[in-house]
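Read the structure below first, then the notes.
The values are calculated or read from the model by the stated rules, or taken from the named source; none is laboratory data. Predicted model, so just to flag it, every value in this text is computed and none were measured. With ideal geometry, Cβ positions are generated from the backbone for all residues, glycine too; neighbour counts draw on all protein chains shown.
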Amino acid sequence: MLYSATSPPRLLTLILLSALSVVSLNMFVASLSNIAAEFDVDYALVNLSIAGYAAMTATLQLIIGPMSDRFGRRPLILAGLLIFILASLGCLLADNIWEFLFFRLLQGAITCGLVLSNAVVRDMVSTKEAASLLGYLAMAWAVAPMLGPMLGGVLDDFFGWRASFITFAGSGLVVFALCWIDLGETNKTPSGTFVKQFQAYPELFRSRRFWGYALCMVFSTGAFYAFLGGVPFVAKSMFGISTAALGFYIGTITAGFFLGSFLSGRYAKRYRLTTMMIAGRLVACTGLTVGLVLFWSGIEHVVALFGACACVGIGNGITMPGSSAGAMSVRPKLAGSASGLSGALTLGGGAVMASITGALLTEENGVYPLLGMMLFSSLMALIAALWVFRIDQMDKPADPDNCAKPVDPSNGD
């Protein structure tokens, strides 16, 4: 029998858990056409395996976080991994599209790895140390979506689309075993009952500081989703970029995020959360402003577009770990709930930004709505970061290492 862990996990365990959670979204995206052909259905129906999965994970984040505050992180992570493994086998053995979509939605249980890895980090260390560790975790979030579709494409070419789901099941089994032997429970003060937990929620919802951190996350990610929603159209209509080249250029924002996350991991321990958040927002806003000025000046070059977007990636990598750690630190006993709520808000806000950007774009207006929406979203995130900074200055926390002071229900901070 495998040894059951009782101590906090190693960082590598959390990195692999987070990476599996992220890569499960898009690793088999190159196989969608083949899946549609095998099941003899429209591509739009198969595409629900991506859109429906994203909606499912956003919903589950609202549930998994509070449940982990009540029952602990470890049992929710292990249960989510077990469901993911079984659902992957279900997708592998599916005989029709409806069976496939049913088990694909069940795969969304793996979102526990992303939500609860953040909460585990916050359980283990102080707020500033959490921001540093989350920076390193975010590097996995950046790399996994880049490498996942490449791996899925190779597997499909050699073995067919079902090979991706064999890989999911095998990877899930490996991570499950790793979590079993290395990931001990870190929530040392679980809620006594759901009633007591729900009674504590108003303190979180009334907190100006929590909403400042959460809105900074929402609008920072919103700029990225605006990029995803608009850059394929702009790149092809304005520059005539091929599909292969477009994939490379789209990767620049992810590469920027990787670099920014590394910088956050390196420097978050030295500076206040709000300092890192504001610095990241300034990088993003400056890059986008320079990009717009270049286009207004008649310098319409692909480097001007993707250079500005790469700055958004760098800025988000610097900002997101601190804002995530801060949101979970406002009410430490509700760290899981805060992680789930802020994560769901981020996904929802990102979807809205992508939709608005796509609706504004035409071949006539070119790049301006894209960079304009990204700049708007980045500026809103900067305002949210400055709001938290102002609250910190007004409240003057006694502990300089914990800039996210637990809420005081009497003043609704």
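For the range 270-306, filtering for residues that are under 22 Å from residue 380 (Cβ atoms) and not hydrophobic (A, V, I, L, M, F, W, C) leaves 9. Quick one: in the range 309-326, of everything that is in contact with a Gly (Cβ under 6 Å, 6 or more places away or on another chain) and among the hydrophobic types (A, V, I, L, M, F, W, C), which residue is farthest from residue 215 (Cα to Cα)? Only one residue tops the list, namely 310. Among residues of the range 96-114 that are in contact (Cβ under 8 Å) with a residue 24 or more places away in the chain, those with a beta-carbon under 7 Å from a residue that is buried (at least 24 other Cβ atoms within 10 Å of the Cβ) and among the β-branched types (Val, Ile, Thr) at least six positions away or on a different chain give the pairs 108/57; 111/57; 111/64; 112/64; 112/77; 113/77.
From the set of residues in the range 244-269 that are touching a Lys or Arg at 6+ places or on another chain (Cβ under 8 Å) and surrounded by fewer than 19 Cβ atoms within 10 Å (Cβ to Cβ), which is farthest from residue 128 (Cα to Cα)?
The selected residue is 246.
Is the range 238-250 home to any residue that is among the aliphatic types (A, V, I, L, M), assigned by TED's automatic domain parsing to the domain that holds residue 316 and without any contact (Cβ under 8 Å) to a residue 12 or more places away in the chain? Within the range 238-250, one or more residues are among the aliphatic types (A, V, I, L, M), assigned by TED's automatic domain parsing to the domain that holds residue 316 and without any contact (Cβ under 8 Å) to a residue 12 or more places away in the chain. For the range 134-178, a tally of residues being modelled with pLDDT of 90 or more, of a type in the set (Val, Ile, Thr) and either surrounded by fewer than 18 Cβ atoms within 10 Å (Cβ to Cβ) or not assigned by TED's automatic domain parsing to the domain that holds residue 39 (or both) returns 2.
Residues are listed down the side, and each one gets a yes or a no for (1) surrounded by fewer than 24 Cβ atoms within 10 Å (Cβ to Cβ); (2) under 27 Å from residue 236 (Cα atoms); (3) not assigned by TED's automatic domain parsing to the domain that holds residue 230:
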site	(1), (2), (3)
275	yes, no, no
316	no, yes, no
324	no, no, no
332	yes, no, no
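Of the candidates 323, 237, the single residue that is at pLDDT below 90, of a type outside the set (Val, Ile, Thr) and assigned to a helix (DSSP H, G or I) is 237. Condition check for residue 91 on (1) surrounded by fewer than 24 Cβ atoms within 10 Å (Cβ to Cβ); (2) at pLDDT 80 or above; (3) more than 26 Å from residue 337 (Cα to Cα): one failure, at (1). When 42, 69 are screened for being surrounded by fewer than 15 Cβ atoms within 10 Å (Cβ to Cβ), of a type in the set (D, E, K, R), at pLDDT below 90 and in the same structural domain as residue 121 (by TED's automatic domain parsing), only 42 passes.
Residues of the range 355-397 that are over 20 Å from residue 273 (Cα atoms), among the aliphatic types (A, V, I, L, M) and at pLDDT 95 or above: 375 alone.
For the range 21-34, which positions are surrounded by fewer than 24 Cβ atoms within 10 Å (Cβ to Cβ) and either in contact (Cβ under 8 Å) with a residue 40 or more places away in the chain or at positive phi (or both)?
Let us first name the residues in the range 21-34 that are surrounded by fewer than 24 Cβ atoms within 10 Å (Cβ to Cβ), namely 22, 25-26, 29-30, 32-34.
22, 25, 26, 29, 30, 34 - these are the residues of the range 21-34 that are surrounded by fewer than 24 Cβ atoms within 10 Å (Cβ to Cβ) and either in contact (Cβ under 8 Å) with a residue 40 or more places away in the chain or at positive phi (or both).
Hey, does the range 234-243 have a residue that's crowded, with 24+ Cβ neighbours inside 10 Å, out of contact with any Phe, Trp or Tyr (no Cβ under 6 Å at 6 or more places or on another chain) and at negative phi? Lay out the reasoning, then the answer.
In the first step, residues of the range 234-243 are kept if they are crowded, with 24+ Cβ neighbours inside 10 Å; the result is none.
The answer is no; no qualifying residue exists.
Residue under question is residue 32, and the condition is that it be in a helix (DSSP H, G or I) and farther than 20 Å from residue 92 by Cα; does it hold? No, not satisfied. Summed over the range 311-337, residues that are among the aliphatic types (A, V, I, L, M) and farther than 16 Å from residue 221 by Cβ total 4.
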